[in-house]
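Everything on this sheet refers to the single structure shown next.
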Amino acid sequence: MKRVLLATGHELLDQHIRKFEGYTVEHAIYNRSELLEAVQFFQPEMLVVSDYLTGSETLIELIIEAKRMYPETEIVYITTKVNPNDTDRTNQLASLVMVGVYPVLVDKALTPARVKQMMDNPPKREEVDWLLQYYRKSAKKKDDLFELKLEEQDVQDLEEEGYPNVFLISSIKPGSGKSFVSVNVAMTIAKFGKKKEDGKPPRVALIEADLQNLSLGTLLGFKDDDERNLKTAMDAIATIITKDNELIDDRRKVDEVDEFVASCFKPQYLVKNLEALVGSQLAMEELENIRPIHYSYLIDLAADLYDVVIIDSNSNLAHTTTLPVLQLSNRAYYIINLDFNNIRNNVRYKNTLKGLGVLDKVRYILNEDYNVDYMRMYNLEEPEELQFTAEAVEESGFDIRGRIPIIPKAVFLNRLFESMPICLDNEPYTVLPRLEIAKIANEMWPIDNLEFLQNEWDNQLKRLYGKKKGIFRRG
Ligand SMILES: Nc1ncnc2c1ncn2[C@@H]1O[C@H](COP(=O)(O)OP(=O)(O)OP(=O)(O)O)[C@@H](O)[C@H]1O
Ligand SMILES: [Mg+2]
């Protein structure tokens, strides 16, 4: 007996389903607003949902969220056949496919027998894979635009490898430390990055693309600015790109917009060659109209203006910025932690990244690592030994490029409060986090103080263990 939650929005149909053999209907809901709560409460083995379900929420987003909460729940989503020219709709359905929900596309009237058939044989990925192709194609429309801007550069290479100087910091779970890591990596490059041939430090841009959780402004100590921020920059870009994704034929206007967008990047007060474009206090609705192409344009411009561009973005595939950001970055660093569930979800997410053709540029950062030496050194020890460790994560196939330890809460909160990124610190107890951040930064731009930090940490270890180990060796 399969335990089912019904969200068809169709009472009569539900009555039929309740009689189906092999299924127990736990509950039926009739409004979108109830969906997530019901999934959470019943944790059904199967969820049957259709467009009939009323409510003001976006159904696709709810379904993605439901799948994210309970990956084991099989979701049968019944929707109408889509016209491939309807790019918005194909993109939405493609984002479902990427998270493992394979929609049932129907064009005929829905009979109970047909629904039974769908529940017995939910569609397989192969049957809906074609949606992904449309998704990729629609993202490719930006080619036209790049050709205008890039002239000779090979657009194909760009598609595959991204801009050599653009890096994404992301995570599939909110609150994993994206903003903390991206601010510190960007600032490490700006402050300790190797000088350029002209003797100047690298110019670093930090872009806040996680439009669901705006926080870079606070971390960097920026004041809100209603006139020049992420939204006004995106609005300006929208005025020079047509509905058909073409750049308007008005060079002067384009130059004006480029200049305006550039002025929305603001220098950080302590490290002026770090400039950030942040979302300062925007309401989410204000950012809803951003189209992927607008975002591509922004990244293209930033890649041109700065030596290194770092983007702080969430991984929500329903979000318009996610795909262009992934495609245009040279590398995408996903933040993971030692939560076993988080690792399992990241293992699954690898398939999605593979489907998007970007898995080979993905690397991992382990945040809030449980570094026994560090904890012992600063008396942060815990009563139990950790069982699922960083080594185990690496063994399960994650290419980890930095292991940032759990930073004592007061230290973390104080730096936040002072808007003083930890990488500018001089305290001995932040040497290890600074070193690990520098290792990541060093993959993007050579970092001058990496060796110094490594020596400092080695000395701390020697002080902690040196003598003891010496005795053992002699003995
Ligand atoms: N290395 C660390 N040591 C201790 N605490 C940490 C560490 N990294 C992150 N945190 C904690 O996690 C919180 C979230 O960090 P942060 O805001 O950078 O994550 P985020 O992924 O950007 O979140 P969001 O998804 O909300 O944008 C911090 O406020 C802090 O409390
Ligand atoms: Mg954040």
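The values are calculated or read from the model by the stated rules, or taken from the named source; none is laboratory data. Predicted model, so just to flag it, every value in this text is computed and none were measured. Here the Cβ positions follow ideal geometry from the backbone for every residue, glycine too, while neighbour counts run over all protein chains shown. Calculation scope for accessible area: heavy atoms of the full protein, side chains included, ligands and nucleic acids excluded. Shrake-Rupley method; radii C 1.70, N 1.55, O 1.52, S 1.80 Å.
Pairing each residue of region 3-27 that is open to solvent by 80 Å² or more (accessible area, probe 1.4 Å) with any residue that is among the aliphatic types (A, V, I, L, M), provided the two are 6+ apart or on different chains, yields C-beta distances under 7 Å for R18/V25.
For region 221-228, indicate whether the set of residues that are surrounded by fewer than 22 Cβ atoms within 10 Å (Cβ to Cβ) and either at pLDDT 95 or above or among the polar types (S, T, N, Q) (or both) is non-empty. Looking through region 221-228, none of the residues is surrounded by fewer than 22 Cβ atoms within 10 Å (Cβ to Cβ) and either at pLDDT 95 or above or among the polar types (S, T, N, Q) (or both).
Each residue in region 69-120 was checked for being among the small types (G, A, S) and closer than 21 Å to Q43 by Cα, and 1 pass.
Would you check if R363 is part of a strand (DSSP E or B), among the charged types (D, E, K, R) and more than 16 Å from ligand 1 (Cβ to nearest atom)? When the stated conditions are applied, R363 passes them.
Scanning region 26-81 for residues that are in a loop (DSSP other than H, G, I, E, B), β-branched (V, I, T) and more than 24 Å from the chain's Cα centre (by Cα) yields one hit, I29. Would you confirm whether or not region 342-355 contains a residue that is within 15 Å of ligand 1 (Cβ to nearest atom), surrounded by fewer than 20 Cβ atoms within 10 Å (Cβ to Cβ), assigned by TED's automatic domain parsing to the domain that holds P446 and more than 30 Å from D258 (Cα to Cα)? Yes - at least one qualifying residue is present in region 342-355.
What's the total number of residues in region 169-194 that are within 24 Å of N449 (Cβ to Cβ), more than 9 Å from ligand 2 (Cβ to nearest atom) and either free of Cβ contacts under 8 Å to residues at least 12 places away in the same chain or open to solvent by less than 10 Å² (accessible area, probe 1.4 Å) (or both)? Steps first, answer last, please.
Going residue by residue through region 169-194, those that are within 24 Å of N449 (Cβ to Cβ) are 169, 177-194.
Narrowing the set further to residues that are more than 9 Å from ligand 2 (Cβ to nearest atom) leaves 169, 181, 183-194.
Still in the running and either free of Cβ contacts under 8 Å to residues at least 12 places away in the same chain or open to solvent by less than 10 Å² (accessible area, probe 1.4 Å) (or both): 169, 181, 183-190, 193.
The total comes to 11.
Screening region 413-432 for residues that are in contact (Cβ under 8 Å) with a residue 60 or more places away in the chain and under 18 Å from Y378 (Cα atoms) and picking the one that is farthest from ligand 1 (Cβ to nearest atom) gives L432.
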